[in-house]
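See structure below.
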Amino acid sequence: MDKLNSAVKVLVVDDQPLIVEELCEFLESSGLRCVPCESSQQALTRFSEDTEIGLVLCDLHMPEMDGIELVQALQKVAGRQRVFEAIMLTGRADKQDVIKALRAGIADYYQKPINLDELLEGLQRQLAALQERKNDLQLGNLNQKLQFLSESINDLYQDLDKVRRNPKGEEATTEEIGPVEIPAIFNQLSPRQLDVAKLVGKGQTNYQIACELGITENTVKLYVSQVLRLTHMHNRTQLALALSPSNSTLRQRVTAH
C-alpha cells in the first residue's frame, strides 16, 4: 500500500510498551507521525498539548481508564471546535464492548493480533472522514459568522431608518431616560447603541439585553464594543457608572476627557 502523507498525528495508546513501539514503527514507516503513550493519563496530557493529533488508536482494556473512557475524556477536552477520529484495539471481541465503543463515537475497531495492512487501510478511511468533519466544522463556523454579519447589518439599517423617519429621535431617546442626565459624550451614539448603553447602565447582561431588544447576543456584544470605543471607556463598569443616577460625581469623572 502507498505511503500516507498527512499532517495529522496519530495518538497511539496501549499499556504494553512493546505494542506501542511496534505500532508506531509501522505507522511511521507508512508516512504517519505518531505520538506514543503508555497510559490513558499520558494520552490525555499529550492530546491537550498537541492540536495536530487527529487520530486516536487506543487499546480497550487498560488500567485506571479503559479505551472507551479515554475517548470520552478526549471528547470533553476537544469540545466543539476540535475534531478527531478514534479506532479501538481489543484482544477480546466482546459484542457489548464493541456496541458501547461505537455508541461512544469510536469509528472502528480491530481485534488483536492486528493485521497491519487492514489497520493502515482503516486509518486512511478515518483520515478522509476527519477531513470531511473539519470541512463541515469550518463551513458551520463560516455560516455562523455570515448570519451574525447579516443580523448586524439588518439592525444597523433599522437604526438608519429610524433616524431618517425621526431626525430628533436621538433627543427623544435621551429624554426617555427620565431623571438621569445623559453625558454629552453619548450624543454621538445611534439610537440602538444608546439603547444598549442604557441597559448596560441598568446592570443587565448581554443575554438580557438581547431578549429585551429582540436581537442576538452576538449583536449586543458588537454594540457594546462600539459604545466603549466611541465613548473612550475601558469596560462595562465605566459605562454603567457613567449612566448611573446614583453616582453623578463619579459619572463626571469617567466621562471627562
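What FRET efficiency do you get for T51 and K100 if R0 is 35 Å and r is their Cβ-Cβ distance, rounded to the nearest 0.05?
Once rounded, the FRET efficiency stands at 0.80.
Could you tell me the ratio Rg/Rh of the stretch 176-236? Both radii from Cα atoms, Rh via Kirkwood.
0.93
Please give the length that would be gained between A78 and A184 if that part of the chain were fully extended, namely 0.36 nm times their separation in residues minus their C-alpha to C-alpha distance (nm, one decimal).
Going from the current span to full extension adds 33.4 nm.
Quick check on the stretch 9-140: what does the Kirkwood estimate of hydrodynamic radius come out to from the alpha carbon pairs, in Å?
Evaluated on the stretch 9-140, it is 14.7 Å.
For a quick protection proxy, order the peptides 18-27, 109-118, 80-89 by their average other-Cβ count within 10 Å, most packed first.
The most tightly packed comes first, giving 80-89, 18-27, 109-118.
For the stretch 1-82, what log10 I(q)/I(0) values come out of the Debye formula at q = 0.21, 0.23, 0.26 1/Å, with one point per alpha carbon and no solvent?
For the requested q values the scattering log ratios are -0.94, -1.08, -1.27.
Mind ordering 127-136, 192-201 by average Cβ neighbours within 10 Å, highest first?
Most protected by this proxy first, the peptides run 192-201, 127-136.
Computed FRET efficiency, Cβ-Cβ of E132 and L18, R0 45 Å: what is it to the nearest 0.05?
0.85
Every read-out reported here was derived from the displayed coordinates using simple, explicitly stated rules and does not represent laboratory data. Keep in mind the model is a prediction, meaning the values are calculated, not measured. Backbone-built Cβ (ideal geometry, glycine too); neighbour counts: all protein chains shown.
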